[in-house]
Structures are given as structure tokens and as C-alpha cells.
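*Asks:* Here you go, one structure.
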Amino acid sequence: MTDFQSLGLSKGLLSAIAEIGYDTPTPIQEKAIPLVLQGKDLMGLAQTGTGKTAAFGVPLIDRLMEENTRPQARGTRALILAPTRELVNQIAKNLISFLKKTPLRVTSVVGGVSINAQIKRLSKGTDILVATPGRLLDLVDREAVDLGTASYLVLDEADQMLDLGFIHALRRIAGLVADERQTLLFSATMPRQISELAQSYLTDPERVEVSPAGRTADKISQSVHFMDRKTKTGFLVEQLQANPQDLSLVFCRTKHGAERLMRKLAQSGVAAGSIHGNKSQNQRDRAIRDLRNGDINVLVATDVAARGIDIPGVSHVYNFELPEVAEAYVHRIGRTARAGAEGEAVALCAPEEIGLFRQIEKLIGIEISVASGDVPPLSAAASRSQRGARNKGGKPGGKKPFQKRASSGDNDNRSRSRNQRRRQGSRRDAA
């Protein structure tokens, strides 16, 4: 069995990671760490919850320690980009645990909090900067940070950054980072745009893949209940009340829908909180902390949280509403069965969502077990929904790379406008 000592890490770092309980690397860590230590550009593909942060964070810290230099004022030696505030905070927390015995500094910057405090922290420079693209560019425009000093660039959850419309921000940021750099791209799924992104920003990259794109964790038990949309809330309340000690995540499509459902759950006696783009950063942090501490048992969320919550105790993920992009299902249910634990993913599917459900099954390559209800036929409306989900998933369709996705045809202005508003809302959620 491979251990961290065989991967080429320094003794000091091995001691630090051993103290926090790291003994056997995960497959993505085993394959990626030696390549990062060699200075290779890397494209890493692995399902969520497999230890990608350590796969790039541990060797990155090792290389920065070996260089033995200090960051310049307003500068950073390494830049890590992630799509959501929650994921940025999670990455920063993990990195800090790795470098307790080192002089390296980690700084995180996200939207929703005081930019002046971030400017002050960045004035002295930092070794590793973890950021959402939107807030980072705000800081660049204020001349609060100099990205030209960064010789390492990490794009984490790159597919979600594309889904949220950050491609133009990524292009600008990549142009500001040092030309002579090591670039690492990590993603849970592999749509066409990720290959094009890798060709644009990586030089002769090594590709590491430890599971097929769209594969869900093996220890997640998946089931679906078919029902009318109006009966979903009552059914969910019954499920949650039957397992009052379990920690559960419930996913909705919209901010208003998530808040409305949270209130209905609370009125039914379920200890619930919510997290979405209309919440301040302090409110979002508090909700996650309450779930982690057991002060609440249920957290209702939009997809802003699908890749930013790392709570090992989450046993159930409920898809109250199916996502419009099939890949989001993989990231939602990846919030359970963390670090080798087992978990359950339960989908509630209304007749109008059957097209979305079929797209999910196609992506993950399995038939999800039917727990109750009759499978509705694929109606004309559901078929249109299925085609829409396929378009949003970035499948080949003759469109130019990285352009904003829009429906085909001459009479789709209203659909295009809705799609643009949805992406804008998602970017506000994430930044």
C-alpha cells in the first residue's frame, strides 16, 4: 500500500500531515503529488470528495518551502481560484492545517465581506492566495494585489467556474499571472470546454483521472421517489422527522425556493437553516457552522453549496428539485459519503422533471433505484427540458468555444434572456 513517504514529500511536511491524520493517500493524491513536485502542468479529474485539495495543496506547499523566498508587498507566490465562497473557505482551511509548522501564509478573498479588510491583509503580500474570480478582479482593479508575482496557478472545480460564466474572468486573470508558471487544473467532470480550457492555459499537461467523468461515489446509495410537485414538501418533512438525528442537505434550484422551503420545514418542527446567494457571508458561515455543530440537522441550499460544504457527518442529500444541469447532481450528492463514509442520496422527481432525471441517469451511467411512485412517461414538455439540460451541460453543438450558451433557433430571445439572468444570478451567488 502506498504511503505519503513514498511520494517524494519533504520530512517536515510529512510530519505535519501525519499529525492531522493523513497516512494513506487517495488515488488522486497518489497520482498527482509526484507530478506536481516535478513541476509538471496537470489536469486532474476525480469525483468530488476524493481529496483533490491535498492533491494540489500538499505538493504546492512543499515547492514553496523549497524555494525559501518571501512574498512581495501586494504580491502572492501562488494563486488558487475556486467558484464559490464556501469552496474558497474550505480550501484555505485545509491548507492552513497542512502548513502549521511552516512560515507560509494563506489568505482567502471572497465577495460578501469587507473588501477594505482584504486590501489591508494583502498589503503585506501572501504566499498562497485563494480567491473567487469576481472578488479577485475587484482587488486587481483597486491595485490591491499584484498577480504578476504568482508562479503557480491552480483552477479548482474548473467545470463549475465555466458553468457560472467565469470564463472571461479566467482569461483576464491568467493573463495577469506570471508567464513562467506551473498551472494545475482540477475538475470533477469533463465537458468539452474543460479540454479547450486546458489547451489554452496548460503547457504539455499530464492528465490524471481516477474515475470516469460524471461518476458518483461508490458508497452513496441512490434512490428516487416519483410524485406530484405539490406533495414534495409533506413527503420531505416525513423523511426528515423519521431520522431526526441525521445531518441532511436539501437542494433547491432557486434562492427564494430554498428560503421558502426552509421556513416550511421550521414550521413543521424540523431544525433547519438555509444557504444561498441572498444570505450574507456571515449568515452562510453561521449556517454551515450550525450544521457542523449539530445545532441544526437540515441545511437547505442552492447549488452555490454543492461543492463548498465538507462536513463528514452529512448522511443524506435530498434533491428536492432536480438540477437543470445534470453534472450538478454529481456535485450535490458528493456532499455525503465523504472521506470513505457511506451516505444516501434521495431524489424527488415530479412529472415535469422526468427529462432532467433521464439526463442524470445517462451522465452517471446507472439506473437509479425507484423507491416509490410510478415512472411518468417522457412528455413533450419533459423532452424539451431534457434537450435544454443537454445544451446547458455544454455538449457539442457546433458552438464556438467559451461563448455564452444560448438556445438554437431564430425565435429564442426570451429563452436566451432567461439563461443569461440565471447565469448572472449564479455568479452573484458564487462571488
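The values are calculated or read from the model by the stated rules, or taken from the named source; none is laboratory data. Keep in mind the model is a prediction, meaning the values are calculated, not measured. We place every Cβ from the backbone using ideal geometry, glycine too, and count neighbours over all the protein chains shown.
*Asks:* Would you tally the residues in the range 256-276 being closer than 22 Å to Thr336 by Cα and in contact with a helix residue (DSSP H, G or I) (Cβ under 6 Å, 6 or more places away or on another chain)?
*Replies:* Counting residues in the range 256-276 that are closer than 22 Å to Thr336 by Cα and in contact with a helix residue (DSSP H, G or I) (Cβ under 6 Å, 6 or more places away or on another chain) gives 6.
*Asks:* Yes or no: Pro25 assigned to a loop (DSSP other than H, G, I, E, B) and either surrounded by 19 or more Cβ atoms within 10 Å (Cβ to Cβ) or more than 21 Å from the chain's Cα centre (by Cα) (or both)?
*Replies:* Yes: the conditions hold for Pro25.
*Asks:* Keeping to the range 38-88, report how many residues are among the polar types (S, T, N, Q) and either without any contact (Cβ under 8 Å) to a residue 40 or more places away in the chain or under 17 Å from Tyr201 (Cβ atoms) (or both).
*Replies:* 3
*Asks:* From Ser195, Ser200, Ser187, which residue is of a type outside the set (Asp, Glu), over 20 Å from the mean Cα position of the chain (by Cα), at pLDDT below 95 and not assigned by TED's automatic domain parsing to the domain that holds Leu363?
*Replies:* Residue meeting the stated conditions: Ser200.
*Asks:* Quick one: Ile173 ticks every box in (1) within 19 Å of the chain's Cα centre (by Cα); (2) part of a helix (DSSP H, G or I); (3) in contact (Cβ under 8 Å) with a residue 60 or more places away in the chain; (4) under 30 Å from Pro103 (Cβ atoms) except a single one, so which number is it?
*Replies:* Evaluating Ile173 over (1) within 19 Å of the chain's Cα centre (by Cα); (2) part of a helix (DSSP H, G or I); (3) in contact (Cβ under 8 Å) with a residue 60 or more places away in the chain; (4) under 30 Å from Pro103 (Cβ atoms) leaves (1) as the failure.
*Asks:* Filter the range 84-105 for residues that are in a loop (DSSP other than H, G, I, E, B) and under 13 Å from Ile128 (Cα atoms) and give the result.
*Replies:* Within the range 84-105, Leu99, Thr102, Pro103, Leu104, Arg105 qualify.
*Asks:* Moving on. Which ones in the range 127-144 are outside any loop (DSSP other than H, G, I, E, B) and among the acidic types (Asp, Glu)?
*Replies:* Across the range 127-144, the qualifying residues are Asp127, Asp138, Asp141.
*Asks:* Something else about it: Report yes if some residue within the range 221-243 is exposed (fewer than 15 other Cβ atoms within 10 Å of the Cβ), at pLDDT 95 or above and closer than 25 Å to Gly365 by Cβ; otherwise report no.
*Replies:* Checked the range 221-243: at least one residue is exposed (fewer than 15 other Cβ atoms within 10 Å of the Cβ), at pLDDT 95 or above and closer than 25 Å to Gly365 by Cβ.
*Asks:* Also, quick follow-up: Being over 27 Å from the mean Cα position of the chain (by Cα) and part of a helix (DSSP H, G or I) is the filter here; which residues of the range 238-253 pass it?
*Replies:* Glu238, Gln241, Ala242
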